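What follows is a set of notes on a single structure, which appears directly below.
Readers should treat all values here as calculations from the given coordinates under stated rules, not as data from a laboratory. All figures in this text were calculated on a predicted structure; none of them were measured in a lab. As a convention, Cβ positions derive from the backbone with ideal geometry for all residues, glycine included, and neighbour counts pool all protein chains shown.
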Amino acid sequence: MVGDDVWPPSNVTRSALDAHVKAGILRPLTDVELPEWIVPSANDREPNPPPGYVVCFLSFLDRGFGTPAGRLIRAILHYYEVELHNLNPNSVIQAAVFATVCEGFLGVPPHWNLWLHLFKADMAARYEGGEKFPLRVGGCTL
Amino acid sequence: MPTSNRGWQSGWFYLQNDGGLLSAYTGKMVTGCPQKWVWGAPSEEQKRLAPLLAGLEKLRDARVTAATVATAFHKRSLLPLAQRRAFMFEMTRGVPWAGTRMLVEPVSASDIAAWVAKTTHPDLKNSRVVPMRPKKGYISLVRGLVFVLTSCTGFLFSPVSIPFSALQKMGIVRYSLPPVPEDREIRAKNRARNEEQKKAKEV
């Protein structure tokens, strides 16, 4: 269908995730039954996470996202009524920088009203032939 | 921020949603921009933000940028968006690293530069290091805040004698915790408990 956005296949490998574990930004695998993370299978044309799992991106880990998720990122998803895959890397680094400015420079816990004052959300879309098409991934830009 | 994050959408994998803290995956697509996305802070809260905005202005004057902030959190080996045992401003020597920092050993300058180049802008990879609270040499915001206090309330403080934390305790900067779903439940429980206590007093 013209304008229909599709998920690109995942190019994430076990070694890429292991490198993030080594760098301390992803938890190591400790549970065989309920692994902390799963490399998508080659058959997964689009995400089909098992119950209890979400879809995350390597680029989010490099930008300050981690689990268990902190209050600010949870509030962002809750307030804007979006899921993790609706954010994009720039939005994630914006949130991480904001949390750091609050805690490390202003000396207060992440301040929600200051967040609302400084940031607005917008719908990211793909434009084709003058028409606007929603994105399957990264549709909410902060 | 980088002008292009080309190909990031292919970097997906499945991550355990600990305790269901994150919104469950349904494959949702954003198809519109609800009004509340652009509302901003409630108008009655705007004036309470003045001390924080003055603090931000001072940081801007001190040339604190997204890259310097990213350098600071990578240097301390932190994931700002993950749960941590301690806030960054509480990270004194006595605070155990587990549950707060991601690594025990210091992160190398070259690793920090590579991360910052990838996540902010390649030209900013060697951004200067600005110490964060409570490390010695952090940027003091007291003078800017005192200016705000003086102009708003008429109080006069000596800029060097009042630390920022003291201003918070005085109620000048009110906390505004990011709202999460369980807050509603906690508030309902608190309300019920208060009503019970009130009834008990009346009896």
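Numerical summary
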| item | result |
| --- | --- |
| 11 Å reach of a label modelled at B:Ala24, 7 Å along Cα-to-Cβ, counting backbone N of the stretch A:37-73 | A:51-53 |
| Average beta-carbon neighbours from other chains, 10 Å sphere, peptide A:46-55 | 6 |
| 13 Å cut-off, amide nitrogen to a point 7 angstrom out along B:Arg193 Cα→Cβ, residues in the stretch B:59-102 | none |
| Proxy reagent accessibility, fewest Cβ within 10 Å first, across A:His20, A:His111 | A:His20, A:His111 |
| Vicinal HN-Hα couplings computed from phi for the stretch B:11-20 (Karplus, 6.51 cos²θ - 1.76 cosθ + 1.60; Hz; Gly/Pro x) | x, 9, 8, 9, 10, 4, 8, 3, x, x |
| Whole-Hz couplings from phi, Karplus 6.51/-1.76/1.60, listed for the stretch A:131-142; x for Gly and Pro | 9, 9, 10, x, 9, 6, 10, x, x, 10, 9, 9 |
| Order of B:Lys136, B:Lys36 under a 10 Å beta carbon neighbour criterion, fewest first | B:Lys136, B:Lys36 |
| Cα-based Rg of the stretch B:1-55 normalised by 2.2 N^0.38 Å, two decimals | 1.78 |
| Residue-averaged beta-carbon neighbours from other chains (10 angstrom radius) around A:71-83 | 6 |
| Pairs beyond 29 Å (Cα-Cα), from B:Lys47/B:Lys201; B:Lys28/B:Lys75; A:Lys22/B:Lys135; A:Lys22/B:Lys36; B:Lys58/B:Lys136 | B:Lys47/B:Lys201; B:Lys28/B:Lys75; A:Lys22/B:Lys36 |
| Charge sum, other residues only, whose C-beta stays under 9 Å from A:Thr67's C-beta, Lys/Arg counted +1 and Asp/Glu -1 | -1 |
| Local electrostatic count, B:Arg85, Cβ distance below 15 Å [Lys/Arg +1, Asp/Glu -1] | +3 |
| Along chain A, longest interval not containing exposed trypsin sites (Lys or Arg not before Pro), exposed being DSSP loop plus at most 16 other Cβ atoms within 10 Å | A:46-119 |
| Extension reserve of the B:Ile186-B:Val129 stretch, reckoned as 0.36 nm per residue once the Cα distance is removed | 16.5 nm |
| For A:Val32, B:Val95, order by how many other beta-carbon atoms lie within 10 Å, fewest first | A:Val32, B:Val95 |
